[in-house]
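The structure appears below as structure tokens.
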Amino acid sequence: MTLIQHKDDAVRYQQQVDNAREYLIPFITEHITLSPATRVLDIGCGEGGVLIPFLEKGCRCTGIELYEPRAILARQFLANYVASGQVEIVNQNIYEEDALNAYKNQFDLILLKDVIEHIPDQERFIPYLKKFLKPGGLVYFGFPPWYMPHGGHQQVCKSKFLSFLPWFHLLPKPVYKGILKMFGEYDAVIVELMEIKDTGISIERFEKIVAQSGFRVKRKQFYLLNPIYRYKFGWKPRKQAKWLGRIPYVRDFFTTCVYYVIG
């Protein structure tokens, strides 16, 4: 079922802004003081809404977005900040040499909100982030664990039945793809969902990569009900029960969102 935020850029942008103000900022500022001296990098910035609360606190920000139409939208939504020079939006691949040359060791904080589950080869990517951090810099991650009920992002399906069907993204690839085709999903949606099946990341694998990369988890929060659901569906966010959050693998199936700060 296509939700309004899937087809209305302004709604999607405002949801990003509201969620970042209400949940990201309080979570992150437990470990960093935001000021005009703070440099922030948002990787996969989309329409740029996540950056607004940081810009409001005076931070100097850079958004990198691989998909050019979204980078264009971000420049439009953040036009006043772009004009003042407080933010730049770059349509670029973070792996490009030009990106590394321009931003090496530049940032106090890197943001990846609903991004890491779309990035291939996370074992390479997460340690690569160190190249962009100042000494003592931090990285924020927010993502849906792969094994959660809709970890395959099947909510983008046009079929109302499939968009609400939990856990069917865990089926073997041929079966999963066959079901999507049987329900008449668009080819582009099928390609997107099959790519996410390759890149989706569990809590356990994420924490393993973080440890292997030499980072340390500074703070984490698991949610039974993702804070963004407040804006998408009107559902009140709910933190995961602490006892369930301590049970490896089982927690992945019932945790719709995780927040991490690592450094």
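The values are calculated or read from the model by the stated rules, or taken from the named source; none is laboratory data. Note that the structure is a prediction, hence the values are computed from the model and not measured. Neighbour counts run over all protein chains shown; Cβ positions are idealised from the backbone, glycine included.
Odds and ends about this structure:
- Here Phe206 clears all of (1) farther than 13 Å from Gly151 by Cβ; (2) touching a strand residue (DSSP E or B) at 6+ places or on another chain (Cβ under 8 Å) except the condition numbered (1).
Here is a yes/no grid of residues against (1) outside the structural domain of Ile126 (by TED's automatic domain parsing); (2) among the basic types (Lys, Arg); (3) surrounded by fewer than 21 Cβ atoms within 10 Å (Cβ to Cβ):
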position	(1), (2), (3)
Gln16	no, no, no
Ala79	no, no, yes
Leu109	no, no, no
Lys113	no, yes, no
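- In the range 38-49, the qualifying residues are those that are without any contact (Cβ under 8 Å) to a residue 40 or more places away in the chain and in a loop (DSSP other than H, G, I, E, B), and the one that is surrounded by the fewest Cβ atoms within 10 Å (Cβ to Cβ) is Gly46.
- Residues of the range 153-202 that turn out to be more than 20 Å from the chain's Cα centre (by Cα) and among the acidic types (Asp, Glu), as a count: 2
- Selection status of Tyr229, modelled with pLDDT under 95 and farther than 15 Å from Leu138 by Cβ: yes
- Selection of the range 57-77 for residues being in contact with a Leu (Cβ under 7 Å, 6 or more places away or on another chain) and polar (S, T, N, Q) yields only Thr62.
- Qualifying residue in the range 141-150 (condition: within 20 Å of Lys220 (Cα to Cα), touching a Lys or Arg at 6+ places or on another chain (Cβ under 7 Å) and assigned to a strand (DSSP E or B)): yes
- Elements of the type helices (runs of 4 or more DSSP H) sitting completely within the range 54-104 and holding at least 1 residues that are of a type in the set (Lys, Arg) and without any contact (Cβ under 8 Å) to a residue 40 or more places away in the chain: these cover 68-77.
- Checking the stated criteria, Thr33 turns out to be exposed (fewer than 13 other Cβ atoms within 10 Å of the Cβ) and outside any helix (DSSP H, G or I).
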